[in-house]
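These notes concern the structure reproduced below.
The values are calculated or read from the model by the stated rules, or taken from the named source; none is laboratory data. The structure displayed is predicted, hence computed values, not measured ones. Note that we place each Cβ from the backbone using ideal geometry, even for glycine, and neighbour counts take in every protein chain shown. These area figures cover heavy atoms from the full protein model, side chains too; ligands, DNA and RNA do not enter into them. Shrake-Rupley method; radii C 1.70, N 1.55, O 1.52, S 1.80 Å.
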Amino acid sequence: MSYENIIFETQDKIAKITFNRPKALNALNADLLDEFSNALDKIAGDEDIRVLVLTGAGEKSFVAGADITELAAFNALQAKVFAQKGQNIISKLQSLSIPVIAAVNGFALGGGSEMALACDFIYASENAMFGLPEITLGIIPGFGGTQRLPRLIGANMAKEMIFTGKMLPAAEAREIGIVNKVVALENLMADVMKTAKSIAAKGKVSLRAAKQAVNRGLNVDLATGLDIECDAFSICMASEDSKEGTSAFLEKRKPEFKGN
Ligand code: CO8
């Protein structure tokens, strides 16, 4: 598949997908979602990729939501089909076994916020704005926003954002736990890549086990979560990288993880 609405690059075990419809502030139309889904499948099938970074083309927007020109023409059934398509793709993103970082470089609205919320964490530029403005269009979030946002920041904070449709500047989004770090726009990608490289240098098995333990544990009671952690821990101990990591510590040298 050739890509016209995203840019998909891979370098040094780090994949980067740039949403690339800058004239529409990178809004998510059906073609973009198909291309994004295809790229996610490639990433899932490539064991060499350790980290995925998502960002938006241009200096103004990460993703300004679902494409309203497409959405405006939907009847109820078409809307349901499109919402399910978006949800499935965003769930595929969330369930990737590798860490995913959102580099939010401007507007992350509606489906754009929902995309970022499915990443493992978000770094944002100072000009970034987060919001679920669907209520101002007479609709509600349909790509998981009513579900993922309350799980992240609590029901009351999420309801205020969803009921008002207001946009939060990056600094405020950081205060309430949507964003991990806020940096100047010109430094955003360098900062994200520095973190991505640090993660990519870690053991492949342990990274995947850590992500899975946290994500699976979020939806179960503590005792079940602790069981999940024990299982994930023992999988790590069976890896070559765990032998390398512990030996390197004892031999007072830097570990060289090979991904086994
Ligand atoms: N869809 C389509 N085009 C868009 C979108 C969008 N979401 N956002 C911006 N654009 C286009 C504008 O129409 C404009 O195009 P043109 O130059 O041809 O007129 C261009 O991008 C630039 O935008 P503006 O001129 O409006 O730029 P401003 O800086 O003045 O404003 C804003 C920027 C505040 C981001 C403004 O563009 C805006 O409010 N955009 C819409 C944001 C929004 O409401 N997003 C939510 C969309 S709904 C959604 O995401 C639901 C997800 C679940 C769907 C379920 C399926 C049924």
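What to note about this one:
- Sum of -39500 (n - 2.57) over DSSP H runs of 4+, divided by residues of the chain (222 nm, nearest 500): -15000 deg cm²/dmol
- Whole-number accessible area per residue in Å² for the range 139-240, which is evaluated in the context of all protein chains at 1.4 Å: 59
- Rolling a 1.4 angstrom probe over the chain with all protein chains present gives an accessible area of which 55% lies on carbon and sulfur atoms.
- Per-residue extension of 0.36 nm, minus the Cα-Cα distance of Ile235 and Ala190, leaves a gain of 12.9 nm for this segment.
- Each peptide among 73-79, 215-221, 202-208 gets the average number of other Cβ atoms lying within 10 Å of its residues, and from highest to lowest they stand as 202-208, 215-221, 73-79.
- For the residue pairs Lys85/Lys204; Lys60/Lys166; Lys194/Lys258, the alpha carbons lie more than 28 Å apart in Lys85/Lys204.
- Taking max minus min of the alpha-carbon positions on each principal axis, the chain gives extents of 62, 41, 35 Å, largest first.
- In the full protein context, the range 1-67 carries 43 Å² of accessible surface per residue, based on a 1.4 Å probe and ignoring ligands, DNA and RNA.
- Point-charge dipole on Cβ atoms (K/R +1, D/E -1) for the range 1-93, about Cα centre, debye to 20: 300
- Computed from the C-beta positions of Lys166 and Ala79 and an R0 of 25 Å, the FRET efficiency is 0.55 to the nearest 0.05.
- In units of the compact-protein estimate 2.2 N^0.38 Å, the range 1-51 shows a Cα radius of gyration of 1.16.
- Between 0 and 90°, nearest 10: helix 155-164 axis offset from the chain longest Cα axis: 30
- Relative packing of peptides 180-187, 122-129, 194-201, 19-26 - highest average C-beta neighbours within 10 Å first: 122-129, 19-26, 194-201, 180-187
- Added length on full extension, which subtracts the Cα-Cα distance from 0.36 nm per residue, Ser97 to Lys159: 19.3 nm
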